[in-house]
Amino acid sequence: MDYSAALDQAIGKLHEEGRYRTFIDIERRKGAYPQAVWTRPDGTETEITVWCGNDYLGMGQHPAVLKAMHEALDATGAGSGGTRNISGTTVYHKELEAELADLHGKEAALVFSSAYIANDATLSTLRKLFPGLIIYSDALNHASMIEGIKRFDGAKRIFRHNDVAHLRELLAADDPAAPKLIAFESIYSMDGDFGPIAQICDLADEFNALTYLDEVHAVGMYGPRGGGVAERDGLSDRIDIFNGTLGKAFGVFGGYIAASAKMVDAIRSYAPGFIFTTSIPPAVAAGAAASIAFLKTPAGQELRDKQQLHARILKMRLRGLGMPIMDHGSHIVPVHVGHPVHCKALSDMLLSQFGIYVQPINFPTVPRGTERLRFTPSPVHDARQIDSLVRAMDNLWSQCKLNRSVAVA
């Protein structure tokens, strides 16, 4: 086989379809977010505004987080020195897991190197704990959930996105005595829509199923203490396993699950993705714990309120221009473009002409024909930056002769 030619063909296919992803070289600077510096291909530097970051509340630059990380770094050094089982568990890891358990009202939590690994490792391990388990998965679940469920050595059922009636059909068709788990999300990040948590919990009660809720895009962002949509809706006690991230609203790095002490102990003891991975650095754990603790306070609620206000303003102004906004009431602002080449071109022009950085979202992240730009306004974006974005979008939308419509479902 000509391996080089095969690689050329695979990469060339992405170019032909307009789906080839490029990294842009940006430098985040302390205290300046969402401003950053972009190094162009010719080596020159340009100040840009980041509009696609997942540091939803700007906590990656917050003084409380940086202070905690500096103190832990000075006290412990850089890395953890091992896996959690072999010298890699510190007081910082235990403090972080206590903060997370408290955040979700659970007995325990377990920190992984990322939310992707937390989903993959946990979901793929459950058959070892519950022989004969059947997993029911929302069709639009994140790639990490899909991967974990694929590797799960047991029966799998896919229900249509947010379709509770279809989920009921699938549950009713299986053996009533079989153990069951329903895996879904609170906010689906590409469309910004919410999962029907209460209705799914009702079905879980009726069919004696466990509930597994991914709150990656909601933790820190919703609820009186940032516990997510389930906390906001008073449903935390009905969720058996939470999955979340430390790398989005909390502004640091890592992922976790929160559940009963028995569930966490079992996952800790059986999941290879946890057992054989070096633990996150103590300084990272300290920063994440500080961020969670801060966002539980009234000051954290002020950040959430301001972020929601900026999201509403951006949606209102783009909708006023006739932009095809996908608005489901969350903090995420997707603008439907519908073609990978147009989406990439729009992204490139926003960056090169206006200093606005938003990454195109193409297949396989979203279905073909639904390509979009996904904006993530934060409390640290100001009125001038919002205005600049709206004006740039208006200019380029007309320039590219793209269709306008009031909304996209």
field: Members of the stretch 31-50 found to be touching a Gly at 6+ places or on another chain (Cβ under 6 Å) and surrounded by fewer than 11 Cβ atoms within 10 Å (Cβ to Cβ), listed by number
entry: none
message: For the stretch 81-101, give me each residue that is closer than 19 Å to G244 by Cβ and part of a loop (DSSP other than H, G, I, E, B).
response: R84
message: Given (1) more than 24 Å from the chain's Cα centre (by Cα); (2) surrounded by fewer than 21 Cβ atoms within 10 Å (Cβ to Cβ), identify the lone condition not met by Q61.
response: (1)
query: If G220 passes every condition in (1) farther than 30 Å from L373 by Cβ; (2) crowded, with 22+ Cβ neighbours inside 10 Å; (3) not hydrophobic (A, V, I, L, M, F, W, C) but one, which one does it miss?
result: (1)
- request: Please indicate, with yes or no, whether at least one residue in the stretch 281-294 is outside any helix (DSSP H, G or I), touching a strand residue (DSSP E or B) at 6+ places or on another chain (Cβ under 9 Å) and modelled with pLDDT of 95 or more.
  value: no
task: Quick one: P364 ticks every box in (1) free of Cβ contacts under 8 Å to residues at least 24 places away in the same chain; (2) within 22 Å of Y33 (Cβ to Cβ) except a single one, so which number is it?
output: (2)
task: Filter the stretch 69-88 for residues that are among the hydrophobic types (A, V, I, L, M, F, W, C) and open to solvent by 20 Å² or more (accessible area, probe 1.4 Å) and give the result.
output: M69, L73, A75, A78, I86
- prompt: Does A345 satisfy the condition of being touching a Cys at 6+ places or on another chain (Cβ under 9 Å) and either outside any loop (DSSP other than H, G, I, E, B) or at pLDDT below 95 (or both)?
  reply: yes
- request: Kindly check whether there is at least one residue in the stretch 151-158 that is under 11 Å from L123 (Cα atoms) and either open to solvent by 60 Å² or more (accessible area, probe 1.4 Å) or not assigned by the TED database to the domain that holds V229 (or both).
  value: yes
task: Please list, ordered by first then second residue, the pairs with beta carbon atoms under 7 Å, 6 or more apart or interchain, first in the stretch 101-114 and in the same structural domain as S236 (by the TED database) and under 14 Å from G227 (Cα atoms), second part of a strand (DSSP E or B) and not hydrophobic (A, V, I, L, M, F, W, C).
output: A109/Y256
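How many residues, within the stretch 89-109, are more than 16 Å from D265 (Cβ to Cβ), open to solvent by 10 Å² or more (accessible area, probe 1.4 Å) and within 22 Å of the chain's Cα centre (by Cα)?
3
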message: Go through the stretch 52-80 and report how many residues are in contact with a strand residue (DSSP E or B) (Cβ under 8 Å, 6 or more places away or on another chain) and either farther than 30 Å from L350 by Cα or not in a helix (DSSP H, G or I) (or both).
response: 3
message: With the requirement that a residue be of a type in the set (F, W, Y) and modelled with pLDDT under 95, what does the stretch 122-154 give you?
response: F152
statement: Within the stretch 110-133, residues open to solvent by 10 Å² or more (accessible area, probe 1.4 Å), more than 18 Å from the chain's Cα centre (by Cα) and of a type outside the set (F, W, Y) come out as S124, R127, K128, L129, P131, G132
task: Kindly indicate the residue of the stretch 16-30 that is of a type outside the set (S, T, Y) and in a loop (DSSP other than H, G, I, E, B) and also surrounded by the fewest Cβ atoms within 10 Å (Cβ to Cβ) among those meeting that condition.
output: F23
query: in a strand (DSSP E or B) and either open to solvent by 10 Å² or more (accessible area, probe 1.4 Å) or closer than 21 Å to T89 by Cβ (or both) - does that describe any residue in the stretch 270-280?
result: yes
query: Looking at the stretch 350-367, is at least one residue under 24 Å from F23 (Cα atoms), modelled with pLDDT of 90 or more, open to solvent by 60 Å² or more (accessible area, probe 1.4 Å) and not in a loop (DSSP other than H, G, I, E, B)?
result: yes
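The values are calculated or read from the model by the stated rules, or taken from the named source; none is laboratory data. Quick caveat: nothing in here was measured; it's all calculated off a predicted structure. Positions of Cβ are generated from backbone atoms using ideal geometry, with glycine treated the same way; all protein chains shown enter the neighbour counts. To get the accessible areas, we keep the full protein, side chains included, count just its heavy atoms, and leave off ligands, DNA and RNA. Shrake-Rupley method; radii C 1.70, N 1.55, O 1.52, S 1.80 Å.
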